[in-house]
Amino acid sequence: MFDDRYTLAYKRYPYKKSPDQDAAEAVRHPVVVMGGGPVGIAIAIDLGLQGIPTLVLDDHEGVGMGSRAICFAKRCLEVADRYGCGEPMLDKGVVWNLGKVFHKDDKVFEFNLLPEEGHKYPAFINLQQPYYESFQLDRFEELQAQGAPIEIRGKNRVDGVVVRDDHVVLDVMTPDGPYEIEADWVIGCDGASSPLRGMLDMDFSGKVFQDSFLIADIKMKGDVEFPTERWFWFEPSHGEGASTLLHKQPDDVWRVDFQIGWDVDRKEELKEENIRRRLDAFLGNGVEYDMVWSSIYTFQCKRMDTFRNGRVIFAGDAAHQVSPFGARGANSGMQDVDNLGWKLGLVINGTADDSLLDTYNFERIHGADENIMNSTRSTDFITPKSEISRVFRDAVLSLAGSYEFARPLVNSGRLSVPCTYDGSPLNGPDDLGGPERTRPGSPCPDAELADGFLLSQLGNDFVLLCINADGPDSLEESGISTRTLKLTEADDPKGYVKERYLGDAKSAVYLIRPDQHVAARHAAFDEKTIRADIRRAIGKE
Ligand SMILES: Cc1cc2nc3c(=O)[nH]c(=O)nc-3n(C[C@H](O)[C@H](O)[C@H](O)COP(=O)(O)OP(=O)(O)OC[C@H]3O[C@@H](n4cnc5c(N)ncnc54)[C@H](O)[C@@H]3O)c2cc1C
């Protein structure tokens, strides 16, 4: 099913014996990442771009095949863009905006994600996760070739961990037997069932949802076409199941996701003839297709009590898990990495104290809780757990076709957006009173400029964004080199910067963090104030 340009060879990092395995004493590495899924590879790229030696250990030898994530959100793509792999994802992905919701045979309503103008990336693309991971690995290899100190070792399974005050010891199993390595820092990106979490006996609490979903990824034959839209049926009258989702992926592959209930015989359900029976009832007789992939998944909404255990830090599914409704898994894992990368970099190079990493815990737990809340609400709506919830759900669905007020209550999966770190100790003052969406803690919205896009110009540094305002070309404070980006009306011919960053204000000075979240904002530059903002943004005020 994969075209020549993006052939996905499974063994992207086949096992090779490392000199560490024959060393007389355990070799110490600055950072070891456990798990080479989308989150583990992303943190290695982030640290590699900062020149920090990072070793990834994975128990497999390449990208995870099979069908998992397909919806990748704007913010995730913007982060990937900064890592240098966003564009091939966008080129390959299917862009979509329109969603339709049906109850039985009736269309209840449709929604448009209404993409704002003036952004480099769309609200969402659909892209098979193996492609996503493969583009990340292309970039990983490119950085290695350019001399970035990053390495990935396939068939290196971590079986044991001991956390000491100033380092961590890992037991690793390979086809040549076990070896031991040490790390100053370990990042646990080992997925939802995280062996590392278990080895450290850390709590992972929340809700398990008693339902199962059957995924069938199919490639249509002949001229049958559905529009590039997200179609969701509650209680579909075609065939069995409590809900069905249909969504297009690249290569003319369609994701069909049937809600099939908790008490099912998985082996029976996964037989091809049974999957085809469901698909034929859904698609109608005579529609021909090839089956590309099928699986059954269940899910839980859970998170760790803390994402940090001394020198071990957790990210992605290992730290938190949500239902797939709303596409928050990989998307929020990328936001973990985005938050962690610059902070760990500053701690490792001695610019910040390791207490800065506690703000990773604070900010990303805030993000995880928001995601879990949204995901749980969608799940409760899609699979009502009590008779009263079902009566409410059905009433909303029957009213939504005719009454506008009922439509916002229909919840077939509110789609992932990045969270604002309200209340973070790193946030400085808001002396501007500008647009709500760019208050301190917010992720910066993109804006098309006369010459490119704002987010591309912000890059991975601390930036002083001076809009119609004076400011120094650069500023050194507490080991942080802050770059200045000055914009005037001439740089903003379409008015996006004015709309998103100024509002009614005439001028503004924003301090932007390396993860492109707003640290503080003011109406004008004042050196003493900005220096204090920088210190606060790295946990030194
Ligand atoms: C059906 C389905 C649909 C989904 N749809 C979406 C979606 O549309 N959008 C979205 O954003 N998310 C979606 N998700 C969630 C998404 O797939 C996950 O959030 C994402 O894969 C998490 O990435 P990760 O790197 O944290 O973990 P994983 O992808 O699970 O990677 C963990 C890695 O750790 C390795 N590992 C495990 N144990 C060890 C060990 N002992 N030693 C060494 N390595 C180890 C594993 O081999 C693996 O490579 C979906 C999930 C499912 C199941």
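Just a few scattered comments:
- A Förster radius of 45 Å, combined with the Cβ-Cβ distance separating residue 280 from residue 461, puts the computed FRET efficiency at roughly 0.20.
- Computed 3J(HN,Hα) for the stretch 464-476, one whole-Hz value per residue from the Karplus formula 6.51 cos²θ - 1.76 cosθ + 1.60 where θ = phi - 60°, is 9, 9, 9, 9, 6, 9, 7, x, x, 5, 7, 8, 9, glycine and proline marked x.
- Phi-derived couplings, Karplus 6.51 cos²θ - 1.76 cosθ + 1.60 at θ = phi - 60°, listed residue by residue for the stretch 352-368: 10, 6, 5, 5, 4, 5, 5, 6, 4, 4, 4, 6, 7, 5, 4, x, 5 Hz, with x used for Gly and Pro.
- Residue-averaged [θ]222 nm for the chain, counting only DSSP H segments that reach four residues, each worth -39500 (n - 2.57): -8500 deg cm²/dmol
- Of the solvent-accessible surface of the stretch 337-492, computed with a 1.4 Å probe and all protein chains present, 52% belongs to carbon and sulfur.
- Placing pseudo-labels 7 Å out from each Cα toward the beta carbon at residue 24 and residue 104 gives an inter-label distance of 8.0 nm.
- Calculated FRET value between residue 405 and residue 385, using beta carbons and R₀ = 25 Å, to 0.05: 0.55
- Three semi-axes of the equivalent ellipsoid, the stretch 103-227, Cα gyration tensor, whole Å, largest first: 40, 23, 18
- Environment charge of residue 473, counting only residues whose C-beta is closer than 9 Å and scoring Lys/Arg +1, Asp/Glu -1: +2
- Taking all protein chains together, 243, 355 sort by accessible area into 355, 243, largest first [probe 1.4 Å].
- Estimated distance in nm for a label pair at residue 111 and residue 223, the labels positioned 7 Å out from Cα along Cα-to-Cβ: 3.5 nm
- Backbone amide hydrogens, once placed in the peptide plane, bring residue 71 within less than 5 Å of 127, excluding anything fewer than 5 places away on its chain.
- What the phi angles of the stretch 331-346 give under the Karplus curve with 6.51, -1.76 and 1.60, with θ = phi - 60°, is a coupling list of 4, 6, x, 5, 6, 4, 4, 4, 6, 7, x, 5, 5, 5, x, 5 Hz, glycine and proline written as x.
- Inter-centroid distance (Cα atoms) of the stretch 245-272 relative to the stretch 292-358, Å: 28 Å
- For the stretch 106-141 versus the stretch 154-168, the inter-centroid distance based on Cα atoms is 35 Å.
- The chain: relative contact order in percent, alpha carbon pairs under 8 Å with at least 6 residues between: 14 percent
- Electrostatic bookkeeping for residue 460 treats Lys and Arg as +1 and Asp and Glu as -1; over the other residues with beta carbon under 9 Å from its beta carbon, the sum is -2.
- Residues whose amide H falls under 5 Å from that of residue 469, counting only those 5 or more places apart or on a different chain, are 487, 508, with hydrogens built in the peptide plane.
- Segment residue 16-residue 267, extension gain: residue separation times 0.36 nm, minus the distance between their alpha carbons: 86.7 nm
- By accessible area with a 1.4 Å probe, ligands and nucleic acids excluded, highest first: order of 234, 405: 405, 234
- Student exercise, the chain dipole from Lys, Arg, Asp, Glu Cβ charges, in Debye to nearest 20: 740 debye
- Close amide H contacts of residue 421 (hydrogens built in the peptide plane, cut-off under 5 Å, sequence separation of 5 or more or a different chain): 442.
- Where labels lie 7 Å past Cα in the beta-carbon direction, separation of residue 65 and residue 306 in nm: 4.2 nm
- Per residue accessible area of the stretch 453-519, 1.4 Å probe, in Å²: 40 Å²
The values are calculated or read from the model by the stated rules, or taken from the named source; none is laboratory data. Quick caveat, the model's predicted, so the values are computed rather than measured. Positions of Cβ are generated from backbone atoms using ideal geometry, with glycine treated the same way; all protein chains shown enter the neighbour counts. All accessible areas refer to the heavy atoms of the entire protein, side chains included, with ligands and DNA or RNA removed. Shrake-Rupley method; radii C 1.70, N 1.55, O 1.52, S 1.80 Å.
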